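To start, the structure itself, in structure tokens.
Throughout, read-outs are computed from the coordinates displayed, never taken from laboratory work. Worth saying up front: this structure is predicted, and the values here are computed from it rather than measured. So basically every Cβ, Gly included, is an ideal-geometry build from the backbone, and we count neighbours across all protein chains shown.
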Amino acid sequence: MATYNLKFNKDDSVVRHVVVGLLADLNNKLSFHRQISNNERVEVDVPFFYAVAGDENFMKDNFLFSNVNGLTCDPDGEFADGNYDKVPRGIVNLTSFNVDPSKLVNKRNMGNYMMMNPDGTMEGYVAEFEMIPVILGVDVEILVSSQLDLFKVTEAIVKKMYKANFYHVDAGHLEEGTYRISSEYMMPDDYTQERPIEYGFDDKSNHKVSFSLEINSFIPSFDFEEDTYRKYTRSTYAASTAFPSGVICGDFIDPNDFLDPSTTPNVYFDNYEPAKWEANGQTWVKVEEGVTCSDVQDQLGKFLGTETQIMRITRRRKQSNRMFTIGNSNSQLPHSGEADSALLGDQYTVKARQFPWGDKIDE
């Protein structure tokens, strides 16, 4: 099974994605070195966890009671049997969440997002959105085992992460829309270093450095155009002198993708946008406008019955669609435009008498 279409309850939480992105960014950047011997120097990585790191569940999941036969109560010799924490490690705890109204901008902006269609394909769409600026306050605490490591990890923070840092996260739900948002944070100028001076028998004091961060991020509010469901109806009439194959009347607007053009009846009257369509075996072609079934009621055959179907419709604009196009192409050379030909695409009504650019190409 593909992994890109897996859905979880945590997907649509932007705050969670921002916090996870911070943990990943800290994990990738912070480390320090230890000189093991005269010829060996190793790099010590500082892993970061969210607030639960260091409690009983964290230790059970990561260190205790694990062997090749699965989770049991018998240590396998790889890990010590006891109550201990992983050191060094960093702990991140979300302490505040605020909206910054001074950074609000006009919501009439166009943004791109990805959404999974009912057939399982991912497509890009565009919609108006508002980026709501938020500030997440977090407390960071890094635990180490000695005062020397305390000095080293503080120096590593200053050398590798001072001062501005930024990262990107992908948030959103597949059924509504996924998007990428950016976040940034600045390392502080002050760091609190704590080292235990007195120990007791049951103390678990650690050397640690702590500081606070403010993450500047956004929560996008897209103006998703709602998908709706519409009921379509069609009525069938038997063959008659005027219509040997019979007639179908409905409100599909365009019978293609609704009616099979290779079967009979091969005449369709649309009552929603009055028009007459005929099937050529491969597709439906509009042959006349402004006519409905009521206009040819006396020519219809015996009424056979009515069917209904409910289909999902949407007005979401695909990312590949352009708002408008203007220009000439290989098929429209300079001074070759016809009178009243459209210069703007996508059903714009701007007309032109002649293309205004370029001279006639010399033959």
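Among Arg41, Arg234, which comes first, second and so on when ranked by fewest other beta-carbon atoms within 10 Å?
Arg41, Arg234
Measure up Lys10/Lys163; Lys107/Lys231; Lys10/Lys159; Lys103/Lys159; Lys107/Lys318; Lys7/Lys107 against 23 Å on the Cα-Cα distance and list the ones that go over.
Going by Cα-Cα distance, Lys10/Lys163; Lys107/Lys231; Lys10/Lys159; Lys103/Lys159; Lys7/Lys107 fall outside the 23 Å limit.
For Thr95, project a label point 7 Å along Cα to C-beta. Then give me every residue of region 136-169 with its amide nitrogen under 14 Å of that point.
Taking a point 7 Å out along Cα→Cβ of Thr95, the residues of region 136-169 whose backbone N falls under 14 Å are 136-142.
At a 10 angstrom cut-off on C-beta neighbours, averaged per residue, how do the peptides 117-123, 6-12, 235-241, 169-175 rank from highest to lowest?
Packing proxy ranking, top to bottom: 169-175, 235-241, 6-12, 117-123.
Arrange Tyr268, Tyr232, Tyr113 by Cβ neighbour counts within 10 Å, fewest through most, would you?
Starting with the residue having the fewest Cβ neighbours, the order is Tyr232, Tyr113, Tyr268.
May I have the convex hull volume per residue, in Å³, for the Cα set of region 228-313?
It comes to 85 Å³ per residue, whole-number rounded.
Taking the Cβ of each residue in Met115, Met161, Met110 as the centre, tally the other Cβ atoms inside 10 Å and list the residues starting with the fewest.
Result, fewest neighbours first: Met110, Met161, Met115.
With a Förster radius of 25 Å, plug the Cβ-Cβ distance of Phe303 and Thr283 into 1/(1 + (r/R0)^6) and report the FRET value to the nearest 0.05.
Efficiency for this residue pair is about 0.40.
Ranked highest first by the average count of other Cβ atoms within 10 Å around their residues, in what order do 44-50, 30-36 fall?
Ranking the peptides 44-50, 30-36 by packing returns 44-50, 30-36.
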